[in-house]
2 protein chains.
Amino acid sequence: MLDCKKALAEASGDFEKAVEYLRKRGIASAAKKAGRATKEGLVTSYIHGEGRVGVLLEVNCETDFVARTEQFKNFVKDVAMHIAAASPQWVSPEEVPAAIIAKEKEIAVAQMQASGKPAAVLEKIAEGKIKKFYEDNCLLHQTFVKDPNKTIEQLLKELIGALGENMAIRRFARFMLGEGAKDTAAAE
Amino acid sequence: MLDCKKALAEASGDFEKAVEYLRKRGIASAAKKAGRATKEGLVTSYIHGEGRVGVLLEVNCETDFVARTEQFKNFVKDVAMHIAAASPQWVSPEEVPAAIIAKEKEIAVAQMQASGKPAAVLEKIAEGKIKKFYEDNCLLHQTFVKDPNKTIEQLLKELIGALGENMAIRRFARFMLGEGAKDTAAAE
């Protein structure tokens, strides 16, 4: 493909450098595609431990053709399995209710209050804790369980670059057997 | 089993009547079990149409032993498939927000206002419409897609009677590809 020829040329024949060049261009091109409608894709599931944990996941792309590629199917399977293992609460920081972020900031500042550090420093520390909160709880910011060198967002952007379509992780549900068991009445 | 011997005796040897006797006793015994803790069970999924519709479902019972029986596994699979087809919004009427029921009543009464019928009759008609609303939208009140002679609740009660443990359909999620697509931003 022209992209690969160009990459090798840019890298003066060095294969590793060419791969890096393509990877960076993939991530850059993802930004150009953002905004294109994503009505196709796949709904997939992952069940772990013979029914102890289950995940339902929707990932969108632009065309049914791309949705049926092995690469897309494998990505969706990987993300579903990742969600089972890493148990995010939301897809992205934008989905976290403002009240929860405010609470986390409050806790962070309260913890640091006794340290006597100046307000500007406390603010920085609180920001760091919010960043960590997103990394722990937002799917896109979590590091991929199969490759801790990448976040799920990076994985997604690479796929967008590789397959050439806009994509989005739309939503997911994760059920752990027996969790949050308020004693719901059985059949009445 | 003693139950079957007794049933045949009660039915004077008539097999069909014996089955009916057991079925009714199963439903009655379900009520006796309600209230027992249900922390075991299964989380299962069902994907339809190569990824166009997906369902995640948790059904609880009392012991892991029962959760692993073919009967329980088949029930859970059936309910998941039913949810994909029948698209309920809630498990039970108790889960429907009061505001939604109030709205449905309001609509029902408004529709009938012009008819000039007395208030007591309008109330009855509105109740009928709410009942229909539950039958359309609450999983337990829906008729089973594989057997319209039974509701999901009856199916559940029969299983409780057959397996001898308290059970509950705890929760479910249903994703239809591309539905409610607010244009979520893709990877940023």
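The values are calculated or read from the model by the stated rules, or taken from the named source; none is laboratory data. Quantities reported herein were computed from a predicted structural model and do not represent experimental measurements. No Cβ is skipped: glycine too gets one built from the backbone with ideal geometry, and neighbour counts run over all protein chains shown.
Just one of (1) in contact with a strand residue (DSSP E or B) (Cβ under 9 Å, 6 or more places away or on another chain); (2) within 14 Å of chain A (Cβ to nearest Cβ) fails for B:PRO88. It is (2).
Applying the condition of being more than 14 Å from every other protein chain (Cβ to nearest Cβ) and not in a helix (DSSP H, G or I) to segment A:115-140 and asking which residue is nearest to A:ALA84 (Cα to Cα) yields A:SER115.
Of all residues in segment A:57-76, how many are farther than 18 Å from A:CYS138 by Cα and part of a helix (DSSP H, G or I)? Final tally of qualifying residues: 9. When segment A:33-46 is filtered for residues that are under 13 Å from A:PHE75 (Cα atoms) and either more than 7 Å from chain B (Cβ to nearest Cβ) or without any contact (Cβ under 8 Å) to a residue 60 or more places away in the chain (or both), the ones remaining, listed by number, are A:LEU42, A:VAL43, A:THR44, A:SER45, A:TYR46. Here the condition is being at pLDDT below 95 and loosely packed, with under 13 Cβ neighbours inside 10 Å; of A:GLN113, A:GLN71, it holds for A:GLN113 alone.
Considering B:LEU56, B:LEU122, the condition of being closer than 16 Å to A:ILE47 by Cβ and not charged (D, E, K, R) is satisfied by B:LEU56 alone. A count restricted to segment A:141-153 and to residues that are within 13 Å of another protein chain (Cβ to nearest Cβ) and either more than 8 Å from the chain's Cα centre (by Cα) or surrounded by 22 or more Cβ atoms within 10 Å (Cβ to Cβ) (or both) stands at 2.
Could you go through segment A:145-163 and let me know if any residue there is closer than 30 Å to A:LYS32 by Cβ, of a type in the set (Ser, Thr, Tyr) and part of a helix (DSSP H, G or I).
no
This table checks each residue for (1) at the interface with chain A (Cβ under 10 Å from one of its Cβ atoms); (2) touching a Leu at 6+ places or on another chain (Cβ under 8 Å); (3) surrounded by 15 or more Cβ atoms within 10 Å (Cβ to Cβ); (4) more than 22 Å from B:MET176 (Cα to Cα).
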| site | (1), (2), (3), (4) |
| --- | --- |
| B:GLY54 | yes, yes, yes, no |
| B:ALA67 | yes, yes, yes, yes |
| B:VAL79 | no, yes, yes, no |
| B:SER92 | yes, yes, yes, no |
| B:VAL96 | no, no, yes, no |
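Looking at A:ALA80, A:ALA84, A:ALA102, can you tell me which residue is outside any loop (DSSP other than H, G, I, E, B), touching a His at 6+ places or on another chain (Cβ under 6 Å) and not hydroxyl-bearing (Ser, Thr, Tyr)?
Going through A:ALA80, A:ALA84, A:ALA102 in turn, the sole match is A:ALA84.
Scanning segment A:109-120 for residues that are touching a helix residue (DSSP H, G or I) at 6+ places or on another chain (Cβ under 8 Å) and aliphatic (A, V, I, L, M) yields A:VAL109, A:MET112. Is it true that some residue in segment A:10-32 is in contact with a Leu (Cβ under 7 Å, 6 or more places away or on another chain), of a type in the set (A, V, I, L, M, F, W, C) and either more than 30 Å from A:GLY178 (Cα to Cα) or within 11 Å of another protein chain (Cβ to nearest Cβ) (or both)? Within segment A:10-32 (the criterion being in contact with a Leu (Cβ under 7 Å, 6 or more places away or on another chain), of a type in the set (A, V, I, L, M, F, W, C) and either more than 30 Å from A:GLY178 (Cα to Cα) or within 11 Å of another protein chain (Cβ to nearest Cβ) (or both)), the answer is yes, since at least one residue qualifies. A:GLY49 meets the conditions (1) within 13 Å of chain B (Cβ to nearest Cβ); (2) under 19 Å from the mean Cα position of the chain (by Cα); (3) surrounded by fewer than 15 Cβ atoms within 10 Å (Cβ to Cβ) in every case but one. The failed one is (2). The residues on offer are A:GLY178, A:GLY161, and the sole one that is within 13 Å of another protein chain (Cβ to nearest Cβ) and out of contact with any strand residue (DSSP E or B) (no Cβ under 9 Å at 6 or more places or on another chain) is A:GLY161.
What single numbered condition from (1) more than 23 Å from B:VAL76 (Cβ to Cβ); (2) touching a residue at least 60 places away in the same chain (Cβ under 8 Å) fails to hold for A:LEU56? For A:LEU56, the failing item is (1). In segment A:140-164, the residues that are of a type in the set (S, T, N, Q) form Cβ pairs under 6 Å with partners that are surrounded by fewer than 18 Cβ atoms within 10 Å (Cβ to Cβ) and not in a helix (DSSP H, G or I), at six or more places apart or across chains, as follows: A:THR151/A:THR143. Taken together, the residues in segment A:23-82 that are closer than 30 Å to B:VAL66 by Cβ and of a type in the set (Val, Ile, Thr) amount to 5. Note on segment A:124-134: among residues that are loosely packed, with under 15 Cβ neighbours inside 10 Å and of a type in the set (D, E, K, R), the one that is farthest from the chain's Cα centre (by Cα) is A:LYS124.
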